[in-house]
Number of protein chains: 2
Amino acid sequence: MYRIGELASQCDIKADTLRFYEKHGLLAPSSRSESGYRLYTKEDAARLRFILRAKTVGFTLNEISELLSIELDKANWACADVKGMVDNKLEQVESKIIELTQFANSLQSLSNACCGGPDSAEHCSILEALESEDKQLNAKNEIAHKGHHHASK
Amino acid sequence: MYRIGELASQCDIKADTLRFYEKHGLLAPSSRSESGYRLYTKEDAARLRFILRAKTVGFTLNEISELLSIELDKANWACADVKGMVDNKLEQVESKIIELTQFANSLQSLSNACCGGPDSAEHCSILEALESEDKQLNAKNEIAHKGHHHASK
DNA sequence: CTTGACCTTAGATTAAACTCTAAGGTTTAT
DNA sequence: ATAAACCTTAGAGTTTAATCTAAGGTCAAG
């Protein structure tokens with residue numbers, strides 16, 4: 001059982017942020033002490049790490065709470081509904097991975113093009129890298145769109 | 001050459017957002033028409049797509065402009081500086097990819113655990129998936145930390 | 001037995017990233 | 001030639017996600 005300050009410092013956030021998440025339905029402590037202190041379990045901590053990870057990869061708190069609501073409502077949902085919702089989110093995550101990978105490729109090719117020496121970087125342009133990335137992107141999209149429809153948003 | 005509204009609707013954003021990006025040094029049109037209209041080139045559009053992609057994968061506008069400043073200043077930087085900065089960002093991108101992949105694994109295992117039928121989802125818990133994900137995560141970190149130092153932040 | 005580091009609440013303030021409003025100039029379509 | 005649909009600026013308003021403030025209760029160490 002962690003108290004609010006312990007959990008906060010463990011996860012490198014403020015206690016305020018935990019109270020904020022609680023107020024907005026993302027994470028409530030499993031119990032309270034006699035004196036009313038919030039008491040977080042290991043499971044609460046796992047849930048928090050999930051929230052923080054989701055945030056760093058670009059999900060909004062609303063999207064995250066949508067995801068977590070699957071857990072809260074599980075008794076009231078049919079398994080098929082849950083699966084649908086999860087698969088939907090999974091598609092979003094996978095398209096983010098694709099974008100990030102393209103992003104990484106773009107940076108990698110810039111880094112590769114760069115001599116790394118003491119001379120001016122006149123000929124190391126991120127835009128040059130971007131342009132080649134866009135060409136790659138278009139090529140990949142053509143392949144991707146052959147196989148399956150991508151109905152995000 | 002695109003005018004502001006054309007580029008905006010092409011990229012599914014508001015013209016306001018383009019003016020905002022200009023004011024904050026992220027993207028200025030390459031030229032103006034006689035009457036003062038912003039005129040964006042294909043390269044400007046590529047830069048915009050880069051910005052938007054970076055945003056969807058969780059970079060802040062500040063981080064993005066730091067990235068793009070490499071391009072603007074390239075004549076004043078040594079190639080080694082550019083390479084260092086790019087490699088630094090690349091590390092951030094790669095750790096985001098790792099986090100997203102873990103995220104995707106977690107969702108995938110939830111989806112797999114789910115019978116997908118009309119029964120209650122009582123036993124399909126995202127937390128169950130998260131817990132196994134955390135175990136995986138710890139195992140992976142141990143492996144990852146053997147090979148190389150990870151100095152993010 | 002009190003000082004300092006915790007905890008509580010509710011509500012105000014901040015920062016980032018838009019988004020809109022006002023007041024007006026320009027261009028294209030009929 | 002005039003209305004609709006653009007464009008301009010400057011600045012105000014909104015949303016999201018915290019972060020801080022005020023006013024006070026609790027606890028462990030000296």
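The values are calculated or read from the model by the stated rules, or taken from the named source; none is laboratory data. Computed from a predicted model, the values in this text were never measured in an experiment. Don't worry about glycine lacking a Cβ; one is built from the backbone with ideal geometry, like all the others, and counts go over all protein chains shown. Heads up: the accessible areas ignore ligands, DNA and RNA and are worked out on the full protein's heavy atoms, side chains in. Shrake-Rupley method; radii C 1.70, N 1.55, O 1.52, S 1.80 Å.
Between copies, B:ARG32 shows label-point distances of 6.0 nm, shortest first, with the point placed 7 angstrom from Cα along Cα to C-beta.
Across segment B:3-75, Cα-Cα distances exceeding 15 Å account for 53% of all pairs. Residues B:ASP87, A:ASP12, A:ASP44, ordered by accessible area of protein heavy atoms at a 1.4 angstrom probe radius and largest first, appear as A:ASP12, B:ASP87, A:ASP44.
In this calculation the C-beta distance from A:ASP87 to B:ASP12 is compared with R0 = 25 Å, giving a FRET efficiency of 0.55. Whole-Hz Karplus values for segment B:89-100 come out as 5, 4, 4, 4, 4, 5, 6, 5, 4, 4, 4, 5 Hz, taken residue by residue from phi with 6.51 cos²θ - 1.76 cosθ + 1.60 and θ = phi - 60°; glycine and proline positions read x. Counting only other residues whose beta carbon sits under 15 Å from that of B:ARG19, what net charge do I get with K and R as +1, D and E as -1? Spelling it out: positives minus negatives among the neighbours equals +1. Taking the 1.4 Å solvent-accessible surface of segment B:4-58 as the whole, the part contributed by carbon and sulfur is 48%. Legend: residues in segment A:79-106 shielded by at least 50 square angstrom of accessible surface upon adding the remaining protein chains to the isolated chain (1.4 Å probe, heavy atoms) are A:CYS79, A:LYS83, A:VAL86, A:LEU90, A:VAL93, A:ILE97, A:GLU99, A:LEU100, A:PHE103.
Taking all protein chains together, A:ILE70, A:ILE13 sort by accessible area into A:ILE13, A:ILE70, largest first [probe 1.4 Å].
Computed from backbone phi with θ = phi - 60° and the Karplus coefficients 6.51, -1.76 and 1.60, the 3J(HN,Hα) list for segment B:26-34 is 8, 7, 10, x, 5, 8, 10, 6, 3 Hz; x is used for glycine and proline. If you sort A:SER30, B:SER111 by accessible surface, 1.4 Å probe, largest first, the order is A:SER30, B:SER111. If you take all other residues with their beta carbon under 11 Å from the beta carbon of A:ARG32, and give Lys and Arg +1 and Asp and Glu -1, the sum is +1.
Solvent-accessible area of A:MET1, all protein chains in place: 130 Å² (probe radius 1.4 Å, heavy atoms, ligands and nucleic acids excluded). The simple Förster model, with R0 at 30 Å and r as the Cβ-Cβ distance, assigns A:THR41 and A:GLU66 a FRET efficiency of 0.85.
To the nearest 10 square angstrom, what accessible area does A:CYS11 show with a 1.4 Å probe? The value for A:CYS11 is about 30 Å². In the complete set of protein chains, residue-level accessible area for A:TRP77 is approximately 70 Å², probe 1.4 angstrom.
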